[in-house]
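For reference, the structure discussed in these notes is given below.
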Amino acid sequence: MQFNQNAMILGIETSCDETSVALLERDGTVRVNLIASQIERHQPFGGVVPEIASREHLQHLFPLVERALGDASAKWSDVDSIAVTSGPGLIGALLVGVAGAQGLAYGLGVPIVPINHLEGHIFSPYLQTGGAAIPRPDRFLSLVISGGHSAIYDVRGRDVKQINRTRDDAIGETFDKVAKFIGLPYPGGPQIEKHGRMGTADPKRFPFPMPQFKDESLDFSYSGLKAGAIRLAREKGISVDGDPQALAEFCATFQDALIAQLFDRLDTVWSRIESPTPAEVAMAGGVAANGVLRERILAWGSGRGVVVRVPEKRYCTDNAAMIAFAGLQKGEESDPRRVVARSRIA
Ligand code: KG4
Ligand code: ZN
């Protein structure tokens, strides 16, 4: 058999509101990573509407695959495997990606690598535009912060052990819900960041306590901050139609409180971790695109002499490059007939 030097893995991501397709070389070089965002279609509803998401994926998936091949100057025969997000996510949205991947896998006679969306995020800090992936250490701590997750993992090889998680809302969800309440468009995280940049944090005016559990658990909890922020916004008349300076201060202070909790837990996890100490701390997920947080975590690392990996912004929010990359790490291929989509993964 002839070795195809142009062999690539095709990645497909349709778990939420982004249809994304990527082609990666075996060394993790991203040849193409296309994202068709549906944000504008969901914006009038202030959040993702599952039915609309599924229909949009159906409309965009195959044209995007064809475009990806064209942009990468690749042929169908160059695709030697397909990595697809099989869960967790919106079930109708996942089914479009999985069924699409199954059809392609049958047609091309190639295997599928089903990917847990979370694993996609976990390895994403090691992708780099324009070249092979950054070699990752055998052990690292992963901080995954997105619309659906807030958790710290101890990653050893391909073994992913959860250290903590949120007991209620995810950090991205908290950004989004509070933003919606004050009249900012979806998704709220980038909006809060943008307005916060025009003000300074004022914890006297907007007091947000640090949530602690009686049992000294390291878990995150964001529902109290969400409720507190909504109450303060109501009491002090904070909204897009109100005083812009007050809005800016509110956003800066609220963002600081959300971020402060990340560092509170990260500090404790880091101080308690058993040896050998993980070589690196890698942050991932949509919230990792936040500029204030990116600066702070890099400073956290340099203060402790810890290598901190921050993904390129394009690989923070949902994308297929990270799914294909996780497929390369995993390497366990499945018979296309056996791949199932699951909205929840234990
Ligand atoms: O990873 P992602 O695209 O989807 C999930 O897997 O959930 O993350 C989306 C989340 C949203 O909650 C969005 O508000 C948040 O990431 N996000 C941000 C920023 N950019 C996106 N949060 C804070 N600051 C940002 N710059
Ligand atoms: Zn995600």
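The values are calculated or read from the model by the stated rules, or taken from the named source; none is laboratory data. Predicted model only: the values in this text are computed from it and were never measured. FYI the Cβ positions are ideal-geometry reconstructions off the backbone, even for glycines, and counts take in every protein chain you see.
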What tally of residues in the stretch 225-262 results from selecting those that are loosely packed, with under 15 Cβ neighbours inside 10 Å and not aliphatic (A, V, I, L, M)?
8
Mind checking which residues of the stretch 73-91 are touching a helix residue (DSSP H, G or I) at 6+ places or on another chain (Cβ under 7 Å), within 16 Å of ligand 1 (Cβ to nearest atom) and not small (Gly, Ala, Ser)?
Val84, Thr85, Pro88, Leu90
Being at pLDDT 95 or above, closer than 18 Å to Pro336 by Cα and surrounded by fewer than 23 Cβ atoms within 10 Å (Cβ to Cβ) narrows it down to one residue among Ser81, Ser86, Ser73, Ser54; which is it?
Ser81
Is there a residue in the stretch 328-343 that is surrounded by 20 or more Cβ atoms within 10 Å (Cβ to Cβ), modelled with pLDDT of 95 or more and part of a loop (DSSP other than H, G, I, E, B)?
yes
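Mind telling me which of the residues Leu69, Leu94, Leu118 ends up being part of a helix (DSSP H, G or I), within 14 Å of ligand 1 (Cβ to nearest atom) and over 15 Å from the mean Cα position of the chain (by Cα)?
Of Leu69, Leu94, Leu118, the one residue that is part of a helix (DSSP H, G or I), within 14 Å of ligand 1 (Cβ to nearest atom) and over 15 Å from the mean Cα position of the chain (by Cα) is Leu94.
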Restricting to the stretch 24-48, give me the number of residues that are modelled with pLDDT of 95 or more, away from ligand 2 (no atom under 16 Å from the Cβ) and either under 30 Å from Glu173 (Cα atoms) or among the hydroxyl-bearing types (Ser, Thr, Tyr) (or both).
4
Among the residues of the stretch 140-155 satisfying the criterion of being assigned to a strand (DSSP E or B) and within 14 Å of ligand 1 (Cβ to nearest atom), which is farthest from Val306 (Cα to Cα)?
Ser150
Which listed residue is more than 11 Å from ligand 1 (Cβ to nearest atom), outside any loop (DSSP other than H, G, I, E, B), in contact (Cβ under 8 Å) with a residue 12 or more places away in the chain and not aliphatic (A, V, I, L, M), from Pro137, Pro125:
Pro125
Looking only at the stretch 206-253, filter to residues that are among the β-branched types (Val, Ile, Thr) and not in a helix (DSSP H, G or I); which one of those is farthest from the chain's Cα centre (by Cα)?
Ile238
Sort out which residues of the stretch 1-15 are under 12 Å from His60 (Cα atoms) and either surrounded by fewer than 18 Cβ atoms within 10 Å (Cβ to Cβ) or within 13 Å of ligand 1 (Cβ to nearest atom) (or both), and write them in order of number.
Glu13, Thr14
Any idea which residue in the stretch 168-218 is farthest from ligand 1 (Cβ to nearest atom), counting only those that are of a type in the set (Lys, Arg) and in contact with a helix residue (DSSP H, G or I) (Cβ under 7 Å, 6 or more places away or on another chain)?
Arg205
Which condition does Gly89 not pass, out of (1) in a loop (DSSP other than H, G, I, E, B); (2) away from ligand 2 (no atom under 12 Å from the Cβ), if it passes all the others?
(2)
Exactly one of (1) surrounded by fewer than 20 Cβ atoms within 10 Å (Cβ to Cβ); (2) in contact with a strand residue (DSSP E or B) (Cβ under 8 Å, 6 or more places away or on another chain); (3) under 30 Å from Ile182 (Cβ atoms) is unmet by Glu18. Its number?
(1)
